[in-house]
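J.: Would you mind keeping the following structure in view while I ask a few things?
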Amino acid sequence: MEAVLELKSVSKVYGSGHTAVKAVDNADLAVGPGEIVLIMGPSGSGKTTLLSIAGCLLKPSAGTVSMDGLSVSSLDERRLPGIRLAKIGFIFQSFNLLSALTARENVQVVLDFSGMPRRLAGKRAADLLIELGMGARLNHRPDQLSGGEKQRVAIARALANEPHLILADEPTANLDSKTGHIVVELLNKIAKERGKSVVIVSHDMRIMDIADRVLQLEDGRLREGAASLATDPVCGMVIALEKAVATFEYEGKTYYFCSLTCRERFAALPSDYA
């Protein structure tokens with residue numbers, strides 16, 4: 001079965017000479033229809049850069065990116081907006097909703113750009129939002145919505161043009177635990193019931209429960225399997241255990257920290273963070 005998304009030997013280098021930084025280093029990735037791939041890694045590991053390349057927002061310095069068998073990395077820049085509109089749905093950490101538009105209008109605008117007649121676009125936007133439990137909030141602006149409701153609007157917008165590929169950048173980062181769980185289940189439903197390929201970059205280990213594959217990205221290199229990870233209880237950063245700067249034992253449990261500052265704050269008031 002042909003991959004919906006395929007990256008071959010993809011690298012991205014910023015700068016040149018002795019100041020060059022390789023954000024992505026010779027990455028290979030193939031994602032099949034209906035597959036959920038979770039990419040994890042510490043901050044600064046290149047996750048967002050890799051997702052931006054997969055979404056045709058960045059050109060790789062080397063390697064190729066293909067979607068449905070089409071080499072998109074070799075296309076003229078002027079053709080890429082059309083590819084993004086037709087083939088990719090984006091879900092962002094910060095939602096990226098237009099503040100002056102209602103929930104329905106935020107979804108409809110994608111359909112308007114694709115050329116769908118306005119009446120049909122409005123109906124499809126409403127239908128998607130109703131399906132995602134937003135029927136009572138169609139005419140509310142983003143400042144009138146909770147974080148979970150904003151993310152549902154963002155998911156509806158990502159699905160509007162029926163793209164084959166959904167790319168999600170930290171989709172649960174700005175949500176509380178309960179709402180984050182709901183969003184995780186929605187992403188699973190999108191992949192399995194709608195047959196969409198979903199690529200998620202995240203620190204949220206709950207997403208591992210729905211992922212078909214978990215990949216680890218560190219220092220720009222992508223490999224199969226997640227590292228042993230822990231969440232710093234003070235700042236919330238997910239870190240590989242071997243990269244932890246410090247640890248602390250409390251009530252029979254070991255806690256891992258990204259910095260000595262976080263460890264000191266925890267040690268001062270462990271009951272507040274444990």
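The values are calculated or read from the model by the stated rules, or taken from the named source; none is laboratory data. Keep in mind it's a predicted model, so treat the numbers as computed, not measured. Positions of Cβ are backbone-derived with ideal geometry, glycine not excepted, and every protein chain shown enters the neighbour counts. Please note that ligands, DNA and RNA were not included when accessible areas were found on the heavy atoms of the full protein model with its side chains. Shrake-Rupley method; radii C 1.70, N 1.55, O 1.52, S 1.80 Å.
J.: Answer with yes or no whether PRO171 is crowded, with 22+ Cβ neighbours inside 10 Å and not aromatic (Phe, Trp, Tyr).
T.: yes
J.: Return the residue satisfying two criteria in turn: it lies in the range 48-82 and is closer than 21 Å to GLU218 by Cβ and part of a helix (DSSP H, G or I), and of such residues it is most open to solvent (accessible area, probe 1.4 Å).
T.: Result: THR48.
J.: When you scan the range 126-177, how many residues do you find that are closer than 30 Å to LYS47 by Cβ, touching a helix residue (DSSP H, G or I) at 6+ places or on another chain (Cβ under 9 Å) and not in a loop (DSSP other than H, G, I, E, B)?
T.: Here the count works out to 23.
J.: Report whether or not PHE90 is aromatic (Phe, Trp, Tyr), surrounded by 14 or more Cβ atoms within 10 Å (Cβ to Cβ) and in a strand (DSSP E or B).
T.: yes
J.: Would you point out which residue out of LYS123, LYS178, LYS150 is under 23 Å from the mean Cα position of the chain (by Cα) and either at pLDDT below 95 or surrounded by fewer than 19 Cβ atoms within 10 Å (Cβ to Cβ) (or both)?
T.: Only one candidate qualifies: LYS178.
J.: Which of the strands (runs of 3 or more DSSP E) contained wholly in the range 185-274 include at least 2 residues that are farther than 20 Å from THR49 by Cα?
T.: Qualifying strands (runs of 3 or more DSSP E): 229-231, 246-250, 253-257.
J.: Does GLU218 satisfy the criteria of being among the charged types (D, E, K, R), surrounded by fewer than 17 Cβ atoms within 10 Å (Cβ to Cβ), over 30 Å from LEU145 (Cβ atoms) and in contact with a Lys or Arg (Cβ under 9 Å, 6 or more places away or on another chain)?
T.: The answer is no for GLU218.
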